[in-house]
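Peer 1: Submitted below is the structure of interest, expressed as C-alpha cells.
The values are calculated or read from the model by the stated rules, or taken from the named source; none is laboratory data. Every value quoted in this text rests on a predicted model; they were computed, and no experiment measured them. When we count neighbours, we look across all protein chains shown, and the Cβ atoms used for this are built from the backbone with ideal geometry, even at glycine.
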Amino acid sequence: MRAIYLDNNATTSVAPQVYEAMKPFLTEEYGNPSSMHTFGGKIKKNIDSARASVANLIGANDVNEIIFTSCGTESDNTAIIGTLRSYPDKKHIITTKVEHPAVLSLCKYLETQGYRLTYLDVNTDGLLDLNELKSAIGYDTAIISIMHANNETGVLFPIDEIAEIARLRGVVFHTDAVQSTGKINLDMKKIPVDLLSLSGHKLHASKGVAALYVRKGTRFSPFLIGGHQEQGRRGGTENVASIVGLGVACELAKKNMNEEIMRVKNLRDKLEGGIVEKISNVRVNGHKEKRLPNTTNIGFEFIEGESILLKLDEKGIAASSGSACTSGSLMPSHVLRAMGIPFTFIQGSIRFSLSRYNREEDIDYTLEHLPAIIKLLRSISPYSK
Ligand code: PLP
C-alpha cells in the first residue's frame, strides 16, 4: 500500500541530512558542553554553530538571541511566564481565541492565578480585527501573545503590524511561530517581535528540541531555573544531538526557501482545487491568500472527520481532523468554532498539510480516492440529505 503523509503540521519526518548530523552526538561525541575538558569544548562549538543557523533562518541580529528549549510548548511557556515574572505589577495578557493549547491552556491557568485575559475574536476567514487589539491594550498589559500561523487552518496573522502596535504602546510581543518557521520567510531585522517560538519537529528536525528567540534588550526571566546553561536563561543539560540536527534543519529550510514555497503551494492548490471541483458541499476554512503555502483545511458537510480519516488511512493517506493535541478529545475544533464555521462543516473538517517531501503523485493518488470515500460516507450518514 502507498504511504502518503499529508499531516506535516502535526509533525514532520527527520531530514536524512539532519539524521546524519545527529548520529555522532549519540555515539562518540558524548561530552557535556559545560565540561572544561576537550570532550566538552568540541560539543560547545557545535551548539554555537547550530545557534548561528537558527539565528540565520529567522534573521536574528545576534546569535545570543536564540535560547534552545525542549519543545514549542516550553518556548511558549517560557516567553509568557518569563515576561510575567519580569513585570510583576502587570496583570493583563492579550491573546486570541485560536491559539494552540501551548498558549491557550497556559492562559486559562493564569486566569486562575489572578491574571486578566483578553481573548481576541477572529472573523469567518480566521482573521483578527487589529482595532480590537489596539483598544484591548491597557496600562497593566504585560504581554501580547499572538501566533503567526494557525496550526489548523494555516491562516497567517500580520505579526509585523501587531509588533508595531505593541512597540508603540510599550508592550512585550510574543509570537508563536512554531508553524511558520521554516515554511515561509521570517526576518527579525524587519519585524520588531520581542519573543518568537519555533519547534524542531515541525521543520524536519527531531522531536524534543525547539528554540525561543529573545530580542536583545527584552526583559527576560528564565522559566526552567537551574544551571548556567544557555547563559543562565534556561537550566538543563543541552539535548546536543537534537540541537545540532535543528541547526542543519534550519540550513536546509533556508536553502531554496522561495522555490519550495512555490512548489508546495502549487501542490496544495492542486489538492484543494481538485477537492472543490470533484466533491459537492465542501468549504475551504480560512482566508484563501493569507495562509501558509502548505496547509488546507476543508470541511465536508454532513459527515464525521474521524470517519474520513479512518477511510483515508485504509488507503495509506495520513491527514488530520484538527490539531494533533485536540484531535483525540472529540471536542469540535476551538479554531473553527471561533471562526463561526457552521457545525455541519466543523465536524467533517480535515486538515491536509504538505512538506517538501510531497510529490505530485501523492496529490493525484489522494484525489483519486477521496471522492469515493466521501460518497460512501455520505450514503450512510444519517445527516445527509
Ligand atoms: N504552537 C503551535 C502553533 C503548534 O502547532 C504546536 C504543535 O503542534 C505547538 C505550539 C507545540 O509545539 P511542540 O509540539 O513542539 O510542543
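Peer 1: Kindly provide the set of residues from the range 135-184 that are among the charged types (D, E, K, R) and closer than 17 Å to Lys91 by Cα, ordered by number.
Peer 2: Asp140, Arg169 - these are the residues of the range 135-184 that are among the charged types (D, E, K, R) and closer than 17 Å to Lys91 by Cα.
Peer 1: Could I ask something else about it? If you check Ala60 against the conditions, is it assigned by TED's automatic domain parsing to the domain that holds Val244, part of a loop (DSSP other than H, G, I, E, B) and in contact with a Phe, Trp or Tyr (Cβ under 8 Å, 6 or more places away or on another chain)?
Peer 2: yes
Peer 1: Starting from the range 105-125, take each residue that is not assigned by TED's automatic domain parsing to the domain that holds Thr141 and list its partners that are at pLDDT below 95 and in a helix (DSSP H, G or I), counting only C-beta distances under 6 angstrom and pairs at least six apart or across chains.
Peer 2: Once the first residue is not assigned by TED's automatic domain parsing to the domain that holds Thr141 and sits in the range 105-125, no partner that is at pLDDT below 95 and in a helix (DSSP H, G or I) comes close enough.
Peer 1: Do we find a residue being surrounded by 17 or more Cβ atoms within 10 Å (Cβ to Cβ) and touching a Pro at 6+ places or on another chain (Cβ under 6 Å) anywhere in the range 178-197?
Peer 2: Within the range 178-197 (the criterion being surrounded by 17 or more Cβ atoms within 10 Å (Cβ to Cβ) and touching a Pro at 6+ places or on another chain (Cβ under 6 Å)), the answer is no, since none of the residues qualifies.
Peer 1: Hey, could you check the range 1-32 for residues that are within 16 Å of the ligand (Cβ to nearest atom) and of a type in the set (Ser, Thr, Tyr) and say which is nearest to Cys71 (Cα to Cα)?
Peer 2: Thr11
Peer 1: Still on this structure, please answer the following. Going by what's in this entry, would Ser70 be described as in the same structural domain as Leu127 (by TED's automatic domain parsing), over 17 Å from the mean Cα position of the chain (by Cα) and closer than 27 Å to Gly232 by Cβ?
Peer 2: no
Peer 1: Of the residues in the range 86-104, how many are farther than 19 Å from Leu336 by Cβ and not charged (D, E, K, R)?
Peer 2: The number of residues fulfilling the criteria is 6.
Peer 1: Which residues, counting only those in the range 75-94, are outside any loop (DSSP other than H, G, I, E, B) and surrounded by fewer than 23 Cβ atoms within 10 Å (Cβ to Cβ)?
Peer 2: If the condition is that a residue be outside any loop (DSSP other than H, G, I, E, B) and surrounded by fewer than 23 Cβ atoms within 10 Å (Cβ to Cβ), then Asn77, Ile81, Leu84, Arg85, Ser86, His92 are the ones that fit.
Peer 1: Among the residues of the range 311-332, write down those that are modelled with pLDDT of 95 or more, outside any strand (DSSP E or B) and within 16 Å of the ligand (Cβ to nearest atom).
Peer 2: Of everything in the range 311-332, just one residue is modelled with pLDDT of 95 or more, outside any strand (DSSP E or B) and within 16 Å of the ligand (Cβ to nearest atom), namely Ala319.
Peer 1: Here's a follow-up. Look through Ile308, Ile261, Ile275 and report the one residue that is assigned to a helix (DSSP H, G or I) and within 18 Å of Tyr357 (Cα to Cα).
Peer 2: Only one candidate passes the filter, namely Ile261.
Peer 1: Exactly one condition in (1) in contact (Cβ under 8 Å) with a residue 60 or more places away in the chain; (2) assigned to a loop (DSSP other than H, G, I, E, B); (3) touching a Gly at 6+ places or on another chain (Cβ under 7 Å) is false for Ser242; which is it?
Peer 2: Of (1) in contact (Cβ under 8 Å) with a residue 60 or more places away in the chain; (2) assigned to a loop (DSSP other than H, G, I, E, B); (3) touching a Gly at 6+ places or on another chain (Cβ under 7 Å), only one is false for Ser242: (2).
Peer 1: Moving to a separate point now. Looking at the range 29-38, can you tell me whether even one residue there is in contact with a Lys or Arg (Cβ under 6 Å, 6 or more places away or on another chain) and part of a loop (DSSP other than H, G, I, E, B)?
Peer 2: Yes, there is a match, as at least one residue in the range 29-38 is in contact with a Lys or Arg (Cβ under 6 Å, 6 or more places away or on another chain) and part of a loop (DSSP other than H, G, I, E, B).
Peer 1: Scanning for something part of a loop (DSSP other than H, G, I, E, B), at pLDDT below 95 and among the acidic types (Asp, Glu), does the range 99-110 turn up at least one residue?
Peer 2: no
Peer 1: From Thr69, Thr95, Thr73, Thr118, grab the single residue that is touching a helix residue (DSSP H, G or I) at 6+ places or on another chain (Cβ under 7 Å), more than 29 Å from Leu26 (Cα to Cα) and within 16 Å of the ligand (Cβ to nearest atom).
Peer 2: Thr95
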